[in-house]
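K.L.:
Before I ask anything, let me first share the structure, which is written out below as structure tokens.
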Amino acid sequence: MDEHRPLRTYGRIKARTLKPRQAGLVETLLPHLAVPEEGAIDVAALFEPSPLGGRAGWAGVQNEAQAAPSHSILNAPHPNPSPKGEGLVLEIGFGGGEHLVAQANAHPEQRYIGVEPFLNGVASCLRHIEESGAQNIRLHQGDARDVIARLPDASLDRVYILFPDPWPKTRHHKRRLIQPEFLSELARVMKPGAEVRFATDWANYASWTLEHFTREPRFSWLADRAEDWRKPWPGHTTTRYEEKKLGDCAPIWLRFVRTAS
Ligand SMILES: C[S@@+](CC[C@H](N)C(=O)[O-])C[C@H]1O[C@@H](n2cnc3c(N)ncnc32)[C@H](O)[C@@H]1O
């Protein structure tokens, strides 16, 4: 075991057996969308050419997909063009991918990288991608910190961290994603002016996050009044965990900007 490896921030990586259609998508669609497992990430190469561009791309995927016979997107060319180098957005811990795919469809000019260790979540996200025909999403099944470490400096325009695992017991706080080393790496890969959008419904995790971001001089909290953290930002799509209301408070919405320093 690598003694320098940070502590695990997530729970299970697999639950129930995948349904045949989802298993088919993991086998056939995921390899077309996956961030390479190793080496520096070349963002332009990752998104170009789009593996799903046009009918031919989807047909290739369909031919491979024994267990996923019905790709509705095959029946009509999708209106979304391949993104041509607009903003780059990272969603850390996308769960079932509902927010990621909704955002990607709402902003086809942006490029999205979603990272999630939980295989069933990745499979669910693939289903949403396939059903919506979104072409501007790439995925990594694993730890977001492994992806961030391989991103170029100042490459991200936005980062979503929505309802991260709260680790509410004090002895587990060290497993929280928000840690000084993580924020330092995040600051490295974010462009000046880029934004982190964080939400939690655990009061202690909200204070923890505010404290940690405040200590990192390359971030500033974007809030002038209570309404700024009590209400989601415009255009927010409700997430699955948000709906479950498992925390100990109403959701708290925190936006941090990467400063120029
Ligand atoms: C409580 S769930 C919330 C999922 C989703 N954002 C939502 O709001 O429905 C937190 C998710 O973060 C994922 N996660 C935890 N640590 C992570 C890490 N280091 N990198 C990427 N994802 C992580 C977990 O697997 C889990 O799916």
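K.L.:
For residues in the stretch 8-28 being within 30 Å of residue 205 (Cα to Cα) and surrounded by fewer than 11 Cβ atoms within 10 Å (Cβ to Cβ), which is farthest from the ligand (Cβ to nearest atom)? Write out each step before concluding.
P.N.:
First, pick out the residues of the stretch 8-28 that are within 30 Å of residue 205 (Cα to Cα): 8-16.
Now drop any that are not surrounded by fewer than 11 Cβ atoms within 10 Å (Cβ to Cβ), which leaves 12, 16.
Values: 12: 8, 16: 15 Å.
Among them, the one singled out is 16.
K.L.:
Before we move on, is residue 198 buried (at least 18 other Cβ atoms within 10 Å of the Cβ), under 18 Å from the mean Cα position of the chain (by Cα) and of a type in the set (A, V, I, L, M, F, W, C)?
P.N.:
Numbers: buried (at least 18 other Cβ atoms within 10 Å of the Cβ): yes; under 18 Å from the mean Cα position of the chain (by Cα): yes; of a type in the set (A, V, I, L, M, F, W, C): yes.
Yes, satisfied.
K.L.:
Kindly provide the set of residues from the stretch 108-117 that are within 19 Å of residue 162 (Cβ to Cβ) and surrounded by fewer than 20 Cβ atoms within 10 Å (Cβ to Cβ), ordered by number. It would help to see each step written out before you state the result.
P.N.:
The initial filter retains those residues of the stretch 108-117 that are within 19 Å of residue 162 (Cβ to Cβ), namely 110-117.
Result: 110, single match.
K.L.:
Residue 126: crowded, with 23+ Cβ neighbours inside 10 Å, within 12 Å of the ligand (Cβ to nearest atom) and modelled with pLDDT of 95 or more, yes or no?
P.N.:
Numbers: crowded, with 23+ Cβ neighbours inside 10 Å: yes; within 12 Å of the ligand (Cβ to nearest atom): no; modelled with pLDDT of 95 or more: yes.
No: the conditions fail for residue 126.
K.L.:
Which of (1) more than 9 Å from the ligand (Cβ to nearest atom); (2) crowded, with 18+ Cβ neighbours inside 10 Å; (3) in contact (Cβ under 8 Å) with a residue 60 or more places away in the chain; (4) within 23 Å of residue 237 (Cα to Cα) is the odd one out, the single condition residue 151 does not satisfy?
P.N.:
Unmet condition: (4).
K.L.:
Could you say whether any residue in the stretch 217-236 is among the aromatic types (Phe, Trp, Tyr), in contact (Cβ under 8 Å) with a residue 12 or more places away in the chain and under 22 Å from residue 148 (Cα atoms)?
P.N.:
The first filter runs over the stretch 217-236 and keeps only residues among the aromatic types (Phe, Trp, Tyr), leaving 219, 221, 229, 233.
Imposing the further condition that a residue be in contact (Cβ under 8 Å) with a residue 12 or more places away in the chain reduces the set to 219, 221, 229, 233.
Filter once more, so that each one left must be under 22 Å from residue 148 (Cα atoms): 219, 221.
Yes: the stretch 217-236 contains one or more residues that are among the aromatic types (Phe, Trp, Tyr), in contact (Cβ under 8 Å) with a residue 12 or more places away in the chain and under 22 Å from residue 148 (Cα atoms).
K.L.:
Cβ-Cβ under 7 Å, sequence separation 6+ or interchain: first residue in the stretch 93-116 and closer than 11 Å to residue 138 by Cα and within 12 Å of the ligand (Cβ to nearest atom), partner among the basic types (Lys, Arg) and outside any helix (DSSP H, G or I). Which pairs?
P.N.:
113/138
K.L.:
Of all helices (runs of 4 or more DSSP H) completely enclosed by the stretch 161-256, which ones contain at least 1 residues that are farther than 23 Å from residue 95 by Cα and away from the ligand (no atom under 11 Å from the Cβ)?
P.N.:
On the way: elements: 180-189, 203-215, 227-230, 240-244.
Those helices (runs of 4 or more DSSP H) span 180-189, 203-215, 227-230.
K.L.:
Okay, next question. Quick check on my filter: what residues within the stretch 207-259 are farther than 29 Å from residue 120 by Cα, aliphatic (A, V, I, L, M) and either in contact with a helix residue (DSSP H, G or I) (Cβ under 7 Å, 6 or more places away or on another chain) or surrounded by 12 or more Cβ atoms within 10 Å (Cβ to Cβ) (or both)?
P.N.:
Across the stretch 207-259, the qualifying residues are 210, 222, 223, 257.
The values are calculated or read from the model by the stated rules, or taken from the named source; none is laboratory data. Keep in mind the model is a prediction, meaning the values are calculated, not measured. With ideal geometry, Cβ positions are generated from the backbone for all residues, glycine too; neighbour counts draw on all protein chains shown.
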